[in-house]
Structures are given as structure tokens and as C-alpha cells.
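Report on the following structure.
The values are calculated or read from the model by the stated rules, or taken from the named source; none is laboratory data. Not measured: the values here are computed from a predicted model. Glycine also receives a Cβ, built like all others from the backbone with ideal geometry; neighbour counts cover every protein chain displayed. When the accessible area is computed, the model is the full protein with side chains, heavy atoms only, and any ligands, DNA or RNA have been set aside. Shrake-Rupley method; radii C 1.70, N 1.55, O 1.52, S 1.80 Å.
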Amino acid sequence: MSTLTQTLPETDERSQGTDSTGDDSPKMFHYVRKAKIAESAVMGTHVVALCGEVFPVTKSAKPGSPVCPDCKKIFDGLPPGRDD
């Protein structure tokens with residue numbers, strides 16, 4: 001049995017995670033593939049964050065929102081993205 005490993009592109013953006021507070025807002029946001037955010041929000045499909053968290057996107061991050069420390073560490077270690 002072979003296992004495939006997929007590397008996420010450098011175009012990752014923050015999106016909502018599954019951890020939530022009592023008022024239905026997430027405790028922290030995760031980095032996910034930008035191209036999958038809209039699809040998940042519209043179709044209800046699940047996205048995979050850099051840290052491995054799997055969830056459907058239901059909210060978008062606002063400036064200053066708390067970010068998953070594992071996602072941030074992984075994202076900061078990625079090479080810079082391209083402009084094309």
C-alpha cells in the first residue's frame with residue numbers, strides 16, 4: 001500500500017477552525033489552502049489546515065484574530081510564495 005503526501009502551496013490564508021467558544025465564535029483560526037475556502041463556505045466541504053485540523057469553513061478571520069500556533073509555525077517555515 002502506498003501513501004501519498006501532498007504539500008500545500010504557499011498561497012495559504014487563515015480560515016476558521018473547529019475549536020469554539022461558548023458564543024459560537026472560534027477560539028482560533030487556522031491556515032488553509034486559499035482556493036478551498038470559498039468552496040468549503042459554499043458547498044460545506046471540509047478543508048485541511050496546515051496543522052492537520054479538518055473542518056468546514058463557516059467564518060472568516062478578522063485582523064487580530066487568534067491564530068493556531070501550529071499552523072503559524074508551519075506557515076512561517078514555508079518558502080515565500082510567487083506572485084503569478
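Observations, loosely collected:
- Of all residues in region 41-57, those being open to solvent by 50 Å² or more (accessible area, probe 1.4 Å) and touching a strand residue (DSSP E or B) at 6+ places or on another chain (Cβ under 6 Å) number 4.
- Listing of strands (runs of 3 or more DSSP E) fully contained in region 5-84 that carry 2 or more residues being modelled with pLDDT under 90: 12-16
- Pairs with Cβ under 7 Å, 6+ apart, first in region 58-76 and at positive phi and surrounded by fewer than 16 Cβ atoms within 10 Å (Cβ to Cβ), second assigned to a strand (DSSP E or B) and of a type in the set (Gly, Ala, Ser): none
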